[in-house]
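Novice: The following block contains the structure, expressed as structure tokens.
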Amino acid sequence: MATICYEDLETGFRLAPVDKGRISTSHIMRWSAAVENWHRIHYDYRFATEHDKLPDVLINGSWKQHVLVQLVKDGLGAGGWLWKMKFRYKKMDIAGDSLRATAEVTDRQVVAGLGFVTLRILLLNQKDEVSTAGFAIGVVPLRGGPAVPYPFVKKPEYQDIRLPADD
Amino acid sequence: MQAAEPKAEDFAKYIGMTGTPKVAHMPLERDSLRRFVQAIMDQDRLYFDEAYAKGSRYGGIVATPLYPVHAFRSPAGSADRLNTVQADPDADGTDSSDGAYSSLPKIESAFKRLLNGGNEIEFYRCLAVGEICIATPKYANVQLKHGKSGSMLLVTIETEYRTQAGDLLLVNVQTLIWR
């Protein structure tokens, strides 16, 4: 696959979305078991609805973070690097919701020979409601320029490259 | 008797306090990683295909960039974390030793309700198979705020995740809101 370069990521460009489909209680249980998160609001319907007065068991916020990471990682390709990410939870997601993540380039700049793109990142449900929102900064090479170093190293020249304030 | 109004100076002493580094009891294993990436539904070959990963810039199988925050599990022989559920049918199943920042001193306050105010993460490197993750938390800021709906305590915890060799993996800045 061709390396994704700074020149490919104009402002307004949308990365390929990540669509996880309908997230069932089985998916939630699989995640809770994988990370040994035993909080009952994620798998015990009676506890979630009767004790904690929630509408259903909740899809874990920690799981949703990884969907956003995958979105940017995959969207920047094998030569890019997800440097920074911030997000806030706006709404609960419950068992049975269908979730997909989107990212759009909102700003870009070249610093010290590398391309830095700011992305608006969203996690949406089947009703197009935003449940998690934030921003990311990805680093990609310039066409014909040096590769993004791995491990990524923060240089003094990058100090003014900041994530946007919350909206 | 009414509780005294909290004052900003009550909380300033916490700023800069660092917790004991939390060391994952096991190095990253391929099978744990398999379960993890299946659960997040990410089929990137970097996470399971050795030949593919060797040919990448990573030089071998690595975990997802955000994996280190989940690298800490209960070691064999430790207290059963589900004891609380047996003892109390209303227990929520969580444990006070959960989380990478559990070693920070508890902030004494009358605030009861905890909300997640968001995360800001910087990534530098992925944890590789065979490496051990170490997390060191710090109170970056503890700030009392007064709003229309009353007082709240904004607690910013900055946690550095490194390998046992000291390589920086990521920095997670989490804001907690106590009301």
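We did not get these values from a lab; they are worked out from the coordinates using the rules stated. In this text the structure is predicted, and so the values were computed from the model without any measurement. Don't worry about glycine lacking a Cβ; one is built from the backbone with ideal geometry, like all the others, and counts go over all protein chains shown.
Novice: Between beta-carbons, use under 9 Å as the cut-off and find the net charge around B:Val173, counting Lys and Arg +1, Asp and Glu -1.
Specialist: -2
Novice: Over all residues in A:30-43, what is the mean tally of Cβ atoms on other chains that come within 10 Å of each residue's Cβ? Could you put the intermediate results ahead of the total?
Specialist: Values: counts 5, 7, 2, 2, 10, 11, 6, 4, 11, 5, 6, 3, 1, 1.
Per residue, the average neighbour count from other chains is 5.
Novice: Any idea what the dipole of the protein assembly as shown comes to, in debye rounded to 20, about its Cα centre with Lys/Arg Cβ at +1 and Asp/Glu Cβ at -1?
Specialist: 260 debye
Novice: Another question, then. Rounded to the nearest 0.05, what FRET efficiency is calculated for A:Glu104 and B:Asn116 with R0 set to 30 Å and r the Cβ-Cβ distance?
Specialist: It comes out at approximately 0.75.
Novice: Under 10 Å from the Cβ of B:Pro21, count the other residues' Cβ atoms, weight Lys and Arg +1, Asp and Glu -1, and hand me the total.
Specialist: So the surrounding residues net to +1.
Novice: As a test of the formula, what do you get for chain B when each DSSP H run with n ≥ 4 contributes -39,500 (n - 2.57) and the sum is divided by the residue count, at 222 nm and rounded to the nearest 500 deg cm²/dmol?
Specialist: Values: 4 runs with 25 residues, N = 179.
Counting only the DSSP helices, I get -3000 deg cm²/dmol.
Novice: Further, regarding this structure: Only sites in a loop by DSSP and with at most 13 other Cβ atoms within 10 Å count here; which GluC sites (Glu not before Pro) in segment B:1-91 make the cut?
Specialist: Filter output for segment B:1-91: B:Glu29.
Novice: In chain A, with Lys and Arg counted as +1 and Asp and Glu as -1 at Cβ, which of these residues, A:Pro149, A:Ala78, A:Val111, has the Cα nearest the positive end of the dipole, that is, farthest along it?
Specialist: In chain A, that residue is A:Pro149.
Novice: Within straight cross-link reach of A:Lys127, meaning Cα distance under 23 Å, which lysines are found once same-chain residues fewer than 8 apart are removed?
Specialist: Qualifying lysines at Cα under 23 Å: A:Lys20, A:Lys53, A:Lys64, A:Lys90, A:Lys91.
Novice: Taking the 0 to 90 degree range and rounding to the nearest ten, how far is the long axis of helix B:30-40 tilted relative to the main principal axis of chain B, both from C-alpha atoms?
Specialist: 60 degrees
Novice: In terms of Cα to Cα distance under 17 Å, which lysines are near enough to B:Lys22, apart from those fewer than 8 places away along the same chain?
Specialist: Answer for B:Lys22, where 17 Å is the Cα cut-off: B:Lys106, B:Lys138, listed by chain and number.
Novice: Using mean Cβ contacts within 10 Å as the protection proxy, how do B:120-127, A:156-163, B:41-48, A:86-93 order, highest first?
Specialist: Values: B:120-127: 22.2, A:156-163: 12.0, B:41-48: 16.5, A:86-93: 18.0.
Top of the packing list down: B:120-127, A:86-93, B:41-48, A:156-163.
Novice: Once phi is turned into ³J(HN,Hα) by the Karplus curve 6.51 cos²θ - 1.76 cosθ + 1.60 with θ = phi - 60°, what whole-Hz value does each residue of segment A:60-70 show in order, with x for glycine and proline?
Specialist: 5, x, 5, 5, 5, 4, 5, 5, 5, 5, 4
Novice: So, one more: Once you list every other residue whose beta carbon is under 14 Å from the beta carbon of A:Trp81, what net charge do they have if Lys and Arg are +1 and Asp and Glu are -1? Could the numbers behind the result be given before it?
Specialist: On the way: positive: A:Lys73, A:Lys84, A:Lys154, A:Lys155, B:Arg57, B:Arg125; negative: A:Asp74, B:Glu122.
Summing Lys and Arg as +1 and Asp and Glu as -1 gives +4.
Novice: Which one, B:Met26, B:Leu144, B:Asn83, projects farthest toward the positive side of the charge dipole computed for the protein assembly as shown from Cβ point charges (K/R +1, D/E -1)?
Specialist: With unit charges placed on the Cβ atoms, the residue in question is B:Leu144.
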